[in-house]
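Notes to accompany the following structure.
The values are calculated or read from the model by the stated rules, or taken from the named source; none is laboratory data. Just so it is clear, the structure is predicted and the values come from calculations on it, not from any experiment. As a convention, Cβ positions derive from the backbone with ideal geometry for all residues, glycine included, and neighbour counts pool all protein chains shown.
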Amino acid sequence: MVGVPGKYKGCETCRLRRVKCDNQRPHCRKCLDGGRACAGYERETVFIIGTLEDQGRCSSHPPRVVKSGGGSSSRSSSSNNGGSGSKKKAAAAAGSGVGGRGRGRGRGATPTPTSRRGVEDGGGEIVFVPEGAEAKPAWDDLVEVVYQGTGYRLQVAGLRTDLNGVVRGDHLAWDGDGGGVVSVPGYRAMDVQPGMVGEEDFWLAAQCLVHVAAPGEGLEGAEGVCLFLYEHNNCSYFSNQPHWKDPSAQTNAVRRLGPEYFRSFPAHHFFVRVYRPNAIMTALLNRTPTFLAEPQWLSTPFEAHPKSPLDRLLDILAVLPSLLARADRVLGQEHTLTRRLMAQDLMNNCLDLEVEMARWYTALQQNPSTSGGGGGGQPQPLFWLSDPSSTAATGEQPSFPNPLTFQTTHAALALSYYWTALVLFYPALWRLYFAAVIEPVTVFDTAATSSFTPHGGDLPVPTRLQTLDPMRYSLPKVREAAVDACRALDFLVIGAVDGSGGSSGWVQPDLLWHSLFVVSRFYGELGGEMMQAAAGIGGLMGPGGGGIELLWCERFRERLVERGREMREVVLGRRWVDVASF
């Protein structure tokens, strides 16, 4: 029905007031004389639409109640809408399943993972992180789930493997027999090598499986296992183009899904415990920026779960690859005044990041746990020298001198990443300092020289760099950080019981390969010509050439492989449910 303005229809203001209009154009005199705004004579087009599903009801009218005898109408109505109604209920159940809370697509909603056979195959509904439960950091080893009205506490673990070689059972779903068996390829040492920068984007694929323990199975405080099987490459590439223009964003599944996807279990735990540490450590090895340093990736995935100290450290380390990349570009230029000024500016940025790392270390002393809450109280020791008698009693032979015991396994992992980052960071700071302060300018770019030294005076040095002691980045300091990193790795693989009474052994041994590669490469280069030249300035070379440490790295590599094989045997000996894939 279309309303057309006519001679006797009146303006909209008079029609609403239910008074006679004089139909003057463009505005009626009655409205103007009364001091009112005339709404004019335009009529809104109104479409009346009725469908069979609405039983002839107009879309602008309230729902019509159809009454008939015997209640047949209500039954027919439910049968007519049963398809859509049941689908809506199924969609709601799916939203509250693997995502957790089924709150739609608004803030806090969780998209359904790519594989949910436990629900789709008609099994029981899986509800993760039940309503009313207090959200915990993803690094908490136990996660609560509800299945068919029964609560379970699952231990979160991860294992790197060849996903193409994983053979699943015929029916990995929540059913009476508790899922199916999974065959995993033999465990091999991880070949960590910096990839060809710019050739390929970092990718990581994973599958999430759940095992519910039988009575008396004995999982040391857990009632099942939530396992992430995954594999990834060693390349790390990042483009500064927006995600809608960057082709790598379309091929990278994590970037394509966006940070909102990773707010709830299991996507959040996959992102925090598997993808982020591997991606950031790979970016550090390749010295290339990563999109994980963008603000939305630092905040949005953690809206429903608080951050742990390890999460906050990874926030800082996500920025470090871009600084290392800039350092490589600056140090590769000719010794001009422009190079010196660029080195000074970059050195200032690096010092700011060093301050952030120092603050994180101080905060960790206040709160070494992964609860993410405020510490308070007096600073607590993060680690102490191990008791040799207790180590001998367990049959372990400490392969690194003066082994350390840490408060928790998570504190040990966080500190291993912290010290590994220093092994990469300090040499760059050392070289940047010399480029910014000490190295002479041998190639003069006329414009820059005339701008900053108009009277032939000395080149300027910022006050912050004048008071800086470069010896804090010297080779002995790098070696101290490498030693501490090795002791943290040793503690994680030995499997000493943590201070909170947690389980023995680290449940994600593959997160240690990157740190092992960094310290092994450092000790391998310690006796080389490059290190000898760097140590020649002031005789900074410490005693020994790294041979003993290299032997430890080889033994540790064997122990790490053995730990991975033990976890593989755990996978083969249990029945699993296929929950999600990423």
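What number of residues within region 278-293 are assigned to a helix (DSSP H, G or I) and closer than 14 Å to residue 252 by Cβ? Before the answer, list the steps.
Within region 278-293, the first condition is being assigned to a helix (DSSP H, G or I), and the residues that meet it are 278-286, 291-293.
Among the residues that remain, those that are also closer than 14 Å to residue 252 by Cβ are: 278-279, 282-283, 291-292.
Number of matching residues: 6.
Please go through region 282-296 and pick out each residue that is within 12 Å of the chain's Cα centre (by Cα) and crowded, with 22+ Cβ neighbours inside 10 Å.
290, 291, 292
Would it be correct to say that residue 320 is in the same structural domain as residue 429 (by TED's automatic domain parsing), buried (at least 21 other Cβ atoms within 10 Å of the Cβ) and touching a residue at least 12 places away in the same chain (Cβ under 8 Å)? Before you say what the answer is, go through the steps one by one.
On the way: in the same structural domain as residue 429 (by TED's automatic domain parsing): yes; buried (at least 21 other Cβ atoms within 10 Å of the Cβ): yes; touching a residue at least 12 places away in the same chain (Cβ under 8 Å): yes.
Yes; evaluated as a whole, the condition is true for this residue.
For region 296-332, which residues satisfy the criterion of being in a helix (DSSP H, G or I) and more than 30 Å from residue 135 (Cβ to Cβ)?
So the first thing to find is which residues in region 296-332 are in a helix (DSSP H, G or I), and the list is 296-302, 309-317, 320-331.
Of everything in region 296-332, those that are in a helix (DSSP H, G or I) and more than 30 Å from residue 135 (Cβ to Cβ) turn out to be 322, 323, 324, 325, 326, 327, 328, 329, 330, 331.
Please state which of the following conditions residue 335 fails to meet, knowing it meets all the rest: (1) outside any loop (DSSP other than H, G, I, E, B); (2) surrounded by fewer than 18 Cβ atoms within 10 Å (Cβ to Cβ); (3) in contact (Cβ under 8 Å) with a residue 12 or more places away in the chain.
Condition (1) is where residue 335 drops out.
What is the one condition in (1) more than 27 Å from the chain's Cα centre (by Cα); (2) surrounded by fewer than 16 Cβ atoms within 10 Å (Cβ to Cβ); (3) closer than 18 Å to residue 470 by Cα that residue 344 does not satisfy?
Only one criterion in (1) more than 27 Å from the chain's Cα centre (by Cα); (2) surrounded by fewer than 16 Cβ atoms within 10 Å (Cβ to Cβ); (3) closer than 18 Å to residue 470 by Cα is unmet by residue 344, namely (2).
Among (1) over 30 Å from residue 569 (Cα atoms); (2) modelled with pLDDT of 90 or more, where does residue 242 come up short?
(2)
Any residue that is surrounded by 13 or more Cβ atoms within 10 Å (Cβ to Cβ), at pLDDT 75 or above, in contact with a Lys or Arg (Cβ under 7 Å, 6 or more places away or on another chain) and of a type in the set (Val, Ile, Thr) - is there at least one of those in region 490-502?
yes
Give me the pairs: first residue in region 437-448 and modelled with pLDDT of 75 or more, second residue loosely packed, with under 11 Cβ neighbours inside 10 Å and assigned to a helix (DSSP H, G or I), beta-carbon distance under 9 Å, and six or more apart or on different chains, which are they?
Here the result reads 437/466, each pair linking region 437-448 to a residue that is loosely packed, with under 11 Cβ neighbours inside 10 Å and assigned to a helix (DSSP H, G or I).
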